[in-house]
Amino acid sequence: MQCFEVKMELDNKGFLPARYGGNAPKEFLDTAGLPDVSPKISWESVDGAKSYALEIIDYDACYVCGKVFVHWVVGNIAKNALAENASWENKDIIQGVNSMTQGFWRIDLPESQKLANNIACSKYVGPMPPDKDHHYLVNVYALDIAKLSLSERPFFINHLHDAMRGHIIGLGRTEFLYAWCKR
């Protein structure tokens, strides 16, 4: 498996700019006040890769919410970059459900509400660490197939991993910090 470099705009201490998370000005927040402008992410091209997939996860969230928090799940990325705001503007990618959803299996909601919530949460949601600065992990997978077979729609991160199994030819990783969100 080939390893490759992943690049993001970070300050000299490794922090993601405020505009991509809960400390963003209002113009970078959705109507519910959540940060949903995704950052630019690029990586080295991998020989033999026909597509890429990406995930942004927060392990520091375990202490706060009892689980790893999924901020973004993306598949079927044709090039070795996602532009700023790709979550809203790039219609060629597929996006999985982030951890803001209330549509998971064990919750007591009608199926139609679960589905609507999962669809609404199939996008980037920026960091909003409520207790301290958090570390975030970005994994980019180089794949030997152009399109992932994801029959579940909307899909969760585990569906992405199931679809990628046996097709990963490279892995790139980077980490970033996001400042404590004191709002």
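The values are calculated or read from the model by the stated rules, or taken from the named source; none is laboratory data. Note that the structure is a prediction, hence the values are computed from the model and not measured. When we count neighbours, we look across all protein chains shown, and the Cβ atoms used for this are built from the backbone with ideal geometry, even at glycine. Calculation scope for accessible area: heavy atoms of the full protein, side chains included, ligands and nucleic acids excluded. Shrake-Rupley method; radii C 1.70, N 1.55, O 1.52, S 1.80 Å.
ILE169: open to solvent by less than 60 Å² (accessible area, probe 1.4 Å), free of Cβ contacts under 8 Å to residues at least 24 places away in the same chain and not in a helix (DSSP H, G or I), yes or no? Spelling it out, it is not the case that ILE169 is open to solvent by less than 60 Å² (accessible area, probe 1.4 Å), free of Cβ contacts under 8 Å to residues at least 24 places away in the same chain and not in a helix (DSSP H, G or I).
Scan region 64-76 for residues that are of a type in the set (D, E, K, R) and surrounded by 15 or more Cβ atoms within 10 Å (Cβ to Cβ) and the total you get is 0. With respect to the conditions (1) modelled with pLDDT of 90 or more; (2) of a type in the set (Phe, Trp, Tyr); (3) surrounded by fewer than 19 Cβ atoms within 10 Å (Cβ to Cβ), PHE104 lacks only one, and its number is (1). Among the residues of region 98-136, those that are touching a strand residue (DSSP E or B) at 6+ places or on another chain (Cβ under 9 Å), free of Cβ contacts under 8 Å to residues at least 60 places away in the same chain and within 21 Å of LEU148 (Cα to Cα) comprise ASN98, SER122.
The listed residues are LYS147, LYS132, and the only one of them that is touching a Phe, Trp or Tyr at 6+ places or on another chain (Cβ under 8 Å) and part of a loop (DSSP other than H, G, I, E, B) turns out to be LYS132.
Yes/no per residue for (1) touching a residue at least 40 places away in the same chain (Cβ under 8 Å); (2) open to solvent by 20 Å² or more (accessible area, probe 1.4 Å):
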position	(1), (2)
LYS7	yes, yes
LYS26	no, yes
ALA32	no, yes
VAL46	yes, no
TYR59	yes, yes
ALA78	yes, yes
ALA83	yes, yes
ILE94	yes, yes
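Taking strands (runs of 3 or more DSSP E) as the structural unit, those lying wholly within region 1-107 and holding at least 2 residues that are small (Gly, Ala, Ser) correspond to 51-58.
The residues of region 139-154 that are under 16 Å from GLU55 (Cα atoms) and at pLDDT 95 or above, listed by number, are ASN139, VAL140, TYR141, ALA142, LEU143, LEU148.
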